[in-house]
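Please treat every number below as a calculation from the coordinates, not as lab data. These numbers come from a predicted model, not from an experiment. Don't worry about glycine lacking a Cβ; one is built from the backbone with ideal geometry, like all the others, and counts go over all protein chains shown.
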Amino acid sequence: MRSRRHGRTKEAPELDITAFLNLMVVLVPFLLVSAVFSRVTILELNMPTGAGGGAEDPGVTLEVVVRKQVLEVSDGDKVLARFPNLNQEGGADTAAPVAAESSSEGDAAQEVPVDENGLPIILPTEEVYDLAKLREFLLRIKESYPDKTDSILLMEQDVAYEHLVGIMDAVRSAQVMPKVEEGAQPDPEAKPEIMELFPDISLGDAP
């Protein structure tokens, strides 16, 4: 009896992983569907290379002041143009030169709308600020100073980050139609081109 008992070979028990595989088949698609894929957006800032500028520096200052209720374009000394927000009632275009003493301190603060979670609802930049008129005014400055590429963007503390990025894009470049030579017929299939405005942007706090 003892020799027979020692003579038997012990077989290793098989591991049944069928249930585990079934769980993985269900779990993997669920994780892929519910996963949140984050996208990192890099905002490039081309800072001015020198404090005094190079030989081709036109020697003028361009400041775009982003306030809660208005956009202002100045030369560092006086306000050249002021564009009220699009959501203000009775806002008028004031792209003509204005006095430096005038300010928007008397503007009443508007209530910020919130969602069901109590978080502020941030409207798209083009629905808050008049980016079209800002680009038009910057294009006129670019025509007068074609070699200038630097600009200063000053913002108030309560300006949304999304609005800052949208205004930076408007200061950096604009879409313009190709110029038609004198006596030539415009091309009906012409598409707008990207024109560089003032891509070397410095950031700061609005006064």
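Odds and ends about this structure:
- Gained length - residue 61 relative to residue 147, 0.36 nm times residue gap less alpha-carbon distance: 29.7 nm
- Within segment 122-207, trypsin sites (Lys or Arg not before Pro) in DSSP loop having at most 15 other beta-carbon neighbours inside 10 Å: 179
- Amide H contacts of residue 79 (H built 1.01 Å from N, under 5 Å, at least 5 apart or other chain): 100
- Set of lysines near residue 148 by C-alpha distance (under 27 Å), chain-local residues within fewer than 8 positions excluded: 78, 133, 179, 191
- Alpha-carbon Rg/Rh ratio, for segment 120-191, with Rh computed the Kirkwood way: 1.08
- On full extension, the segment bounded by residue 133 and residue 35 gains 31.1 nm, given 0.36 nm per residue less the C-alpha separation.
- Amide H contacts of residue 149: none lie under 5 Å away among residues 5 or more positions distant or on a separate chain (H built 1.01 Å from N in the peptide plane; Pro and chain starts excluded).
- Likely footprinting exposure, 125, 61, 149, 18, fewest C-beta neighbours within 10 Å first: 18, 61, 125, 149
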